[in-house]
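Chemist: One structure, pasted below without further comment.
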Amino acid sequence: MGNHPQGIGKKRFKIDLEPIGRRVEVEAGVNLLEAAQKAGVDLVASCGGIGLCGTCRVRVIQGEVTPPGLTEEEALDLQQISSGYRLACQTFPLSDVRLDIPPESLTAAQQLQIEGYEVAAQFDPAVSIIDLDLHEPDLDDLRSDLTRVNEYLAGRGFAPLQGELAQMAELSTFLRAHDWQARLVVRPWDGTSLFTAVFAPGSQVAGLAMDMGSTKLALYLVDLENGATLTRTGVMNPQIAYGEDVVSRIAFANKSAENLNLLQSRLVETINLALLEMCGQVGITVAQVVDVVAVGNTAMHHLFCGLPVQQLGAAPYVPVVSEPINARAREVGLRVADGAWLFLPNNIAGYVGADHVSALLATHAYAAQKTTVLVDIGTNTEISLTHQQRVYSCSTASGPAFEGAHIRDGMRAAAGAIDKVRITSQGVQPTTIADAAPVGICGSGILMAVSEMLSAGIIDERGVLNRADQRVRSNNGRAEFLLVPASSTGHGRDIVVTRKDVNEIQLAKGAIRAGINILLAEAGLSPQDVEEYIIAGAFGTYLDLNSAIHIGMFPAVPLERYRQVGNAAGVGAKQMLLSRRQRAEATRIVGRVHYIELTTYPAFTGTFVEAMYMKTG
């Protein structure tokens, strides 16, 4: 039934499946559904791949595929087809192809870190909830509706209400329909009470906090009456399909205004869908979400707001906005209460954004009395050193290797991903997420594998595989180490570690260690002078500290000096949602930061090259 290609010979094509981060090479004549299955990516295919159900939808981002046939034209509308959507079971590659897989087309969710170590902030949200109970107008009481509301507010210490004409109309109609009782939500601002929303008495009022990572989005739905977290979720950032790191996305956005709009709309669309699902879980509507706080690196911040990013792609890497942003949430397309506001805290610099400010806030690292290093690991890793009340910060391009990207058998953290590895005299002992048959290796797994290979003498300090070791084999003249044979995998292919894989880890860990070393040098300190190392971020939660120290990614200090705190940026965003004081504190943090631009730092190249060596120190 598929539109099978004819006459294209015995070519092989590379298929890049995002945001999963899996890549596979297939022969011509293999459709995209079969390619995904070979890569260990389970797409929904309710009809078994014969084109009847329309559930295996994917979006072709790059590359050439066969044109849509009648089956696809019946399942997809013209707008979807023109946007690149296809049925995987009916589509065959004609070149290397990059795919964007919508969440609804995946059978299994990925493991996304959204938890973090929390210290409660004083409850002081930016919105106030007032339960109105007004006297109904009569011939002896001819006060206007607004006067009636304002006098009620004044009696409770609130400034006069200010709103748009449509909001005044909504309030008047609502009061008459609910016997002059209502739950009014306002935002105290500059001597007024800004109209935010009006609900029936007793209605739940919620806020949304978001950490917009380059790879993953963490969302928290919070009760704004008591500060309780109602639900939370993590979803993949759909922008990955257009570039795995922010530099690639900046380049994509700079090609046209349409590309910039596409990155913004895809991000907001994903957030809106996730929020709709979260609200459904707790029995509220999206209109009951009245306040939003979002954090992200500077590029994500700008892309979310629809701000130009061209200036972030070239020196001196200056943001459009570094000050806090307060804007109507509807301006960026968020489907929440019409009067809801969006808050984004300060950015520090072009590559150290509000997410790192949020992590500093959540961990309180900026105010530590002891010498502290905070490492927030991601595709871009932000690092701060606090010493004698001064904060030194930098950003390192650690790349996507810790997300499983650029690794031959790499994948993101989903079922079947190898997440731990031990190499003993009995052989290789891997474990996988969900105890599923191995289909690839995620970031924590490849880091541990490299450390174990170093301990076992399979690689040396330079990262070169030891061809004299019988465990190292040759594949087309290239050395590789077998982790799992095809007979034990979930897709019937060997899972190996290559020299290139090791090099990707060297680049990532070298960038992080170079950043740490340069901050220490700026403060005149040695690694031993640091009293606490705080490791944050999704990958930072799952990495094995002993492995990271063994290969020199982190300094060799006693393990008790390390603390893994999870998604600190998300926790900080939630604190700012719940506390105006925390928002003000975030601004004060930025004023204390001494930012170091590593791209122009004289000693960076030498420090980076030295940090790439696989040695403890």
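Chemist: Is it the case that residue 202 is within 18 Å of residue 285 (Cα to Cα), modelled with pLDDT under 95, in a loop (DSSP other than H, G, I, E, B) and out of contact with any Ser or Thr (no Cβ under 6 Å at 6 or more places or on another chain)?
Modeler: So residue 202 fits the description; yes.
Chemist: Here is a list: 255, 216. Which entry is in contact with a strand residue (DSSP E or B) (Cβ under 7 Å, 6 or more places away or on another chain) and among the basic types (Lys, Arg)?
Modeler: The conditions single out 216.
Chemist: A further question follows. I need the full set of residues from region 38-68 which are at pLDDT 90 or above and of a type outside the set (D, E, K, R), in order please.
Modeler: Answer for region 38-68, where residues must be at pLDDT 90 or above and of a type outside the set (D, E, K, R): 58, 60, 61, 62, 63, 65, 66, 67, 68.
Chemist: Since residue 303 meets every condition but one in (1) crowded, with 22+ Cβ neighbours inside 10 Å; (2) over 18 Å from the mean Cα position of the chain (by Cα); (3) farther than 19 Å from residue 98 by Cα, which condition does it not meet?
Modeler: It is condition (2) that residue 303 fails.
So that you can scan it fast, the table gives a plain yes or no per residue for (1) among the hydrophobic types (A, V, I, L, M, F, W, C); (2) farther than 20 Å from residue 61 by Cβ; (3) out of contact with any Gly (no Cβ under 7 Å at 6 or more places or on another chain):
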position: 17; (1), (2), (3): yes, no, yes
position: 21; (1), (2), (3): no, no, no
position: 29; (1), (2), (3): no, yes, yes
position: 32; (1), (2), (3): yes, no, yes
position: 35; (1), (2), (3): yes, no, yes
position: 50; (1), (2), (3): yes, yes, yes
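Chemist: Got a number for residues in region 385-397 being surrounded by fewer than 24 Cβ atoms within 10 Å (Cβ to Cβ) and under 21 Å from the mean Cα position of the chain (by Cα)?
Modeler: Residues flagged as surrounded by fewer than 24 Cβ atoms within 10 Å (Cβ to Cβ) and under 21 Å from the mean Cα position of the chain (by Cα) within region 385-397 amount to 1.
Chemist: Here is a follow-up. Hey, does region 269-292 have a residue that's in a loop (DSSP other than H, G, I, E, B), β-branched (Val, Ile, Thr) and surrounded by fewer than 22 Cβ atoms within 10 Å (Cβ to Cβ)?
Modeler: Yes, some residue in region 269-292 is in a loop (DSSP other than H, G, I, E, B), β-branched (Val, Ile, Thr) and surrounded by fewer than 22 Cβ atoms within 10 Å (Cβ to Cβ).
Chemist: Go through region 328-349 and count every residue that is of a type in the set (A, V, I, L, M) and out of contact with any helix residue (DSSP H, G or I) (no Cβ under 8 Å at 6 or more places or on another chain).
Modeler: Count: 1.
Chemist: Take the conditions assigned to a helix (DSSP H, G or I), of a type in the set (Gly, Ala, Ser), within 20 Å of residue 412 (Cα to Cα) and touching a strand residue (DSSP E or B) at 6+ places or on another chain (Cβ under 7 Å) and apply them to residue 515. Does it pass?
Modeler: no
Chemist: Additional query: Would you tally the residues in region 134-180 being surrounded by 13 or more Cβ atoms within 10 Å (Cβ to Cβ) and either in contact with a helix residue (DSSP H, G or I) (Cβ under 6 Å, 6 or more places away or on another chain) or of a type in the set (Gly, Ala, Ser) (or both)?
Modeler: 7
Chemist: When you look at residue 608, is it closer than 26 Å to residue 422 by Cβ and in contact (Cβ under 8 Å) with a residue 60 or more places away in the chain, yes or no?
Modeler: Criteria not met by residue 608.
Chemist: When you check residue 456 against the structure, is it more than 31 Å from the chain's Cα centre (by Cα) and touching a residue at least 24 places away in the same chain (Cβ under 8 Å), yes or no?
Modeler: Answer is yes for this residue.
Chemist: May I pose another question? I need the full set of residues from region 217-238 which are in contact with a Phe, Trp or Tyr (Cβ under 9 Å, 6 or more places away or on another chain) and either acidic (Asp, Glu) or not in a strand (DSSP E or B) (or both), in order please.
Modeler: Within region 217-238, 226, 227 qualify.
Chemist: Which numbered condition trips up residue 126, out of (1) under 31 Å from the mean Cα position of the chain (by Cα); (2) surrounded by fewer than 13 Cβ atoms within 10 Å (Cβ to Cβ); (3) modelled with pLDDT of 80 or more; (4) in a loop (DSSP other than H, G, I, E, B)?
Modeler: (2)
Chemist: Right, another one. Looking at (1) at pLDDT below 95; (2) under 20 Å from residue 353 (Cα atoms), can you tell me which one residue 211 breaks?
Modeler: Condition not satisfied by residue 211: (1).
Chemist: Kindly list, by first and then second residue, each pair from a residue in region 487-505 that is farther than 18 Å from residue 475 by Cα to a residue that is surrounded by fewer than 17 Cβ atoms within 10 Å (Cβ to Cβ), limited to pairs with Cβ atoms under 8 Å and residues at least 6 apart or on different chains.
Modeler: 488/437; 489/437; 490/436; 490/437
Chemist: If I ask for residues that are surrounded by fewer than 20 Cβ atoms within 10 Å (Cβ to Cβ), touching a residue at least 60 places away in the same chain (Cβ under 8 Å) and touching a helix residue (DSSP H, G or I) at 6+ places or on another chain (Cβ under 8 Å), which ones from region 238-268 would you list?
Modeler: 247, 251, 268, listed by residue number.
The values are calculated or read from the model by the stated rules, or taken from the named source; none is laboratory data. Quick caveat: nothing in here was measured; it's all calculated off a predicted structure. Note that we place each Cβ from the backbone using ideal geometry, even for glycine, and neighbour counts take in every protein chain shown.
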